[in-house]
1. Would you check if there is a residue in segment 213-224 being open to solvent by less than 30 Å² (accessible area, probe 1.4 Å), within 16 Å of the ligand (Cβ to nearest atom) and over 26 Å from R501 (Cα atoms)?
2. Among what's in segment 183-198 and is touching a helix residue (DSSP H, G or I) at 6+ places or on another chain (Cβ under 6 Å) and aliphatic (A, V, I, L, M), pick the residue that is nearest to S140 (Cα to Cα).
3. Which residues, taken from segment 475-504, are more than 30 Å from R159 (Cα to Cα) and either of a type in the set (A, V, I, L, M) or open to solvent by less than 10 Å² (accessible area, probe 1.4 Å) (or both)?
4. Could you please give the count of residues in segment 226-255 that are part of a helix (DSSP H, G or I) and in contact with an Asp or Glu (Cβ under 8 Å, 6 or more places away or on another chain)?
5. Just need a number here: residues in segment 49-64 that are more than 16 Å from the ligand (Cβ to nearest atom) and surrounded by 11 or more Cβ atoms within 10 Å (Cβ to Cβ).
6. When the residues of segment 615-639 are filtered to those that are among the small types (G, A, S) and open to solvent by less than 70 Å² (accessible area, probe 1.4 Å), which remaining residue is farthest from the chain's Cα centre (by Cα)?
7. Return the pair list, or none, for Cβ contacts closer than 6 Å from residues in segment 61-86 that are on the phi < 0 side of the Ramachandran plot to residues that are open to solvent by 50 Å² or more (accessible area, probe 1.4 Å) and not in a helix (DSSP H, G or I), at least 6 apart or on different chains.
8. Taking segment 640-656 on its own, how many of its residues are under 32 Å from the mean Cα position of the chain (by Cα) and touching a residue at least 60 places away in the same chain (Cβ under 8 Å)?
Amino acid sequence: MFDKKTIIKGVSFMNYTYKNALLPPMERTLNLLSLMTLEEKVGQMMQISYNMVNVTEAEQWVKNKFAGSFLHALGDNADRLQELALSTRLGIPLMFGIDAIHGHALLNGATVFPSQLAMSCSFNPSLVESAGRVTAREVSADGLHWTFSPLLCIGRDTRWGRINETFGEDPYLIGLLASAIIKGYQGKNLSDPGSILACAKHYIAYGESTGAKDAYDTEVTLRKVREVFLPPFKKAVEVGCATFMTGYQSIDGTPMTANKKMLKDILKDELGFDGFVVTDWNNTGSLVDKQKVSPDISDASKKAIESGNDMIMNTNDFYGATLKLVQEGKVSETLIDDAVKRILNIKFKMGLFDAKKRRGYISTDVIASKEHQEINLELTRESIVLLENKNNTLPLNNIKKIAVIGPNADSIQAQFGDWTFFSHPDPNPEAVPNFEYYTMLRGIRELAESKNIEVTYHKGCDIMDKEDIDIEGAVKACEDADVIIAVVGDCLAMNGEFKDRATLDMPGSQQELLEQLKKLNKPLAVVLVNGKPLSIPWIAQNADAVVETFNSGTLGGKALADILFGEFNPCGKLSISFPYHSGQTPVYYNHLPGWHSPKYADLSTAEPLYSFGYGLSYTSYKYSNLTLSKTSCSSKDTITVSVDVTNIGKCDGTEIVQLYVNDVISSVMTPVKELKGFEKVQINAGETKNVSITLSVSDFSIVDADEKYVVEPGDFEIMVGPDSRDASLLKEVLTVF
Ligand code: NOJ
């Protein structure tokens with residue numbers, strides 16, 4: 001509230017209305033901006049990385065240079081800095097950012113959700129929104145304000161190290177899930193105590209860098225950016241995502257930090273984004289020493305400002321360089337004002353000036369609370385995908401002894417994946433979790449023992465350490481087991497920034513381990529714990545069952561056990577395609593048509609090993625009676641597509657009914673099919689449900705050669721089915737006039 005006793009040096013009392021909480025955020029912002037010196041303004045643009053400065057430097061950044069934000073400062077450190085910020089001349093609070101990527105997982109003790117890739121296989125926006133809400137509450141209880149999430153990059157070339165952070169390969173699904181998690185993070189109102197800022201990243205086409213090499217150039221045209229990469233970010237703007245982060249990479253030779261066209265012209269002017277843009281880590285400095293488009297930090301800072309970056313992450317010499325640029329008239333102060341206005345407006349909107357955004361306002365009891373774990377378990381179960389189930393190997397029944405084998409059976413580090421207290425950005429593989437967690441082994445063991453089933457375990461081999469191998473021992477451990485559950489996959493060393501892969505083969509000696517286990521002629525169920533799709537044709541062919549869990553978080557083992565023992569009927573579907581062979585990547589379903597053989601001469605098929613949208617259940621479904629509410633309409637109409645889905649198996653289940661569209665003839669080539677809608681429906685055994693999905697025909701627009709969004713008249717194939725494969729889909733034609 002407005003405090004009459006507050007005296008600000010050199011400013012008359014009537015002037016500092018920014019302290020009046022009853023005024024609208026923008027009014028307070030403009031007032032505060034009018035009171036600020038150039039140093040205070042440029043300070044607001046600075047985001048200091050807590051881990052890159054010592055304590056004294058951190059304090060100086062607040063006291064003397066008025067830094068606006070810190071990242072990766074936690075607990076008492078953050079509190080101390082905040083107190084300091086509040087005691088400065090204008091008392092502008094700091095905004096604390098954190099990589100709460102799948103839960104507030106840099107904090108040992110908080111809920112760790114499945115990775116974005118895993119959760120996208122749930123095709124469940126409402127659960128993903130709840131995961132965002134839970135994360136927001138836990139981050140807020142820790143006194144922080146902002147997560148650098150979600151990641152909206154499109155996961156096409158799966159050699160890329162950050163595939164685990166994507167929502168998969170489909171722009172529509174990514175946009176939908178991103179909007180959901182943004183809503184979860186930001187809540188109904190940014191100023192609610194349990195709301196945090198979301199950050200849509202990395203703008204734009206970052207996942208597409210050449211050869212899947214992180215931060216290299218992206219060779220895409222502006223038309224393609226608009227058609228493929230922009231739609232999810234557009235949705236993020238529409239749901240009010242408060243912040244955007246620029247990519248590390250360049251597009252056609254222009255680094256994103258210096259890309260005025262993408263940042264200022266498209267994001268801010270065309271899409272009307274009114275939040276603020278933060279650079280990625282030292283992006284501004286990288287213009288000089290990595291991307292080499294600037295001779296010095298002064299030129300780099302000028303480019304960053306003029307292109308539309310508002311907050312500068314971890315390029316600390318931006319501060320001095322920018323002061324000089326403005327003082328010498330080389331950069332207009334109005335550009336600084338625009339950036340600071342955006343930052344302050346968000347600070348006011350989120351109630352940062354009020355006590356309810358401070359640590360202590362929300363009790364830390366919410367962190368990993370029972371309610372949060374229940375949501376986590378629900379999402380984890382729905383994220384798991386059953387890829388193979390020959391002869392109904394699963395659910396397990398009539399067994400007395402299980403052998404659990406493999407390096408990822410009891411590895412919470414591999415199960416968590418990237419962006420937890422074990423890994424990025426402060427790797428601590430020896431950390432001991434101070435909360436209850438379920439590795440795959442623990443989950444299987446507890447549920448098995450409650451059913452009087454014996455469990456033996458043997459690691460077999462390590463993934464990275466070639467010395468740590470005992471395949472014979474593993475084979476021996478299987479001796480009198482009725483079923484073998486082999487838990488294999490990849491590990492932290494193969495996922496994340498700086499960890500792109502050349503091959504997607506099963507790493508280490510795991511293949512050999514599996515081949516030896518197969519020789520035992522016992523039912524072999526393979527459970528995959530991995531950051532990304534691996535090329536596993538041998539497993540597909542030889543395992544009796546295959547279950548994909550990706551990085552499943554705290555309760556992965558519990559969720560897996562529920563599925564293995566039939567307490568939960570699997571319903572996840574792949575949000576990303578699996579290649580037969582690394583050389584087949586990228587192998588996404590929504591590719592443009594081509595000619596000559598779609599197949600490589602030395603591969604037996606053109607198809608992926610597992611396609612987008614694919615996933616099995618313990619029951620099966622029959623699709624029939626595909627009907628369109630009309631067979632011709634205008635581009636302004638909506639149509640309703642309905643289909644009967646019958647559960648023809650013996651148990652109840654949940655099916656993800658998918659709708660794809662193909663623009664038959666278009667002025668530029670368009671994908672062979674694109675997901676335009678889906679419904680997740682619960683269908684009891686023997687029951688038929690009529691499922692309808694309503695579409696706006698305007699969503700069939702393409703980006704033509706002049707970069708215009710148009711719905712071109714003509715025929716559109718409407719396809720509905722359980723996955724993206726042609727053979728799985730029923731088809732009708734809609735004519736648009
Ligand atoms: C680098 C990563 O690219 C980005 O995703 C992350 O949010 C920032 N660093 C902050 O850690």
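1. If we filter segment 213-224 for residues that are open to solvent by less than 30 Å² (accessible area, probe 1.4 Å), which is where we start, we get 214, 218, 220.
Restricting the remaining residues to those that are within 16 Å of the ligand (Cβ to nearest atom) gives 214, 218.
Going one step further and asking which of them are over 26 Å from R501 (Cα atoms), we end up with none.
Looking for residues that are open to solvent by less than 30 Å² (accessible area, probe 1.4 Å), within 16 Å of the ligand (Cβ to nearest atom) and over 26 Å from R501 (Cα atoms), one finds none in segment 213-224, hence no.
2. Step one: list which residues in segment 183-198 are touching a helix residue (DSSP H, G or I) at 6+ places or on another chain (Cβ under 6 Å), which gives 183-185, 190, 193-196, 198.
Pick out the ones that are also aliphatic (A, V, I, L, M) and you get 190, 196, 198.
Working: L190: 12, I196: 7, A198: 13 Å.
So the residue we want is I196.
3. Hits for segment 475-504 are V475, A477, C478, A481, V483.
4. Start the filter on segment 226-255 by keeping residues that are part of a helix (DSSP H, G or I), which leaves 226-238.
Next, only the ones that are in contact with an Asp or Glu (Cβ under 8 Å, 6 or more places away or on another chain) stay: 226, 229.
Total meeting the criteria: 2.
5. Taking segment 49-64 first, the residues more than 16 Å from the ligand (Cβ to nearest atom) are 54-64.
Next, from what is left, pick out any that are surrounded by 11 or more Cβ atoms within 10 Å (Cβ to Cβ): 55, 57-64.
Qualifying residue count, segment 49-64: 9.
6. Of all residues in segment 615-639, those among the small types (G, A, S) come to 615, 617, 620, 624, 629, 632, 634-635.
Filter once more, so that each one left must be open to solvent by less than 70 Å² (accessible area, probe 1.4 Å): 615, 617, 620, 624, 632, 634-635.
Values: G615: 20, S617: 25, S620: 30, S624: 34, S632: 38, S634: 36, S635: 33 Å.
Restricting to residues being among the small types (G, A, S) and open to solvent by less than 70 Å² (accessible area, probe 1.4 Å), the top hit is S632.
7. Listed by first residue and then by second, the contacts come to D79/R359.
8. 7
The values are calculated or read from the model by the stated rules, or taken from the named source; none is laboratory data. Worth saying up front: this structure is predicted, and the values here are computed from it rather than measured. Heads up, the Cβs are rebuilt from the backbone with ideal geometry, glycines too, and the neighbour counts pull from every protein chain shown. Keep in mind that these areas ignore ligands, DNA and RNA; they rest on the heavy atoms of the full protein, side chains included. Shrake-Rupley method; radii C 1.70, N 1.55, O 1.52, S 1.80 Å.
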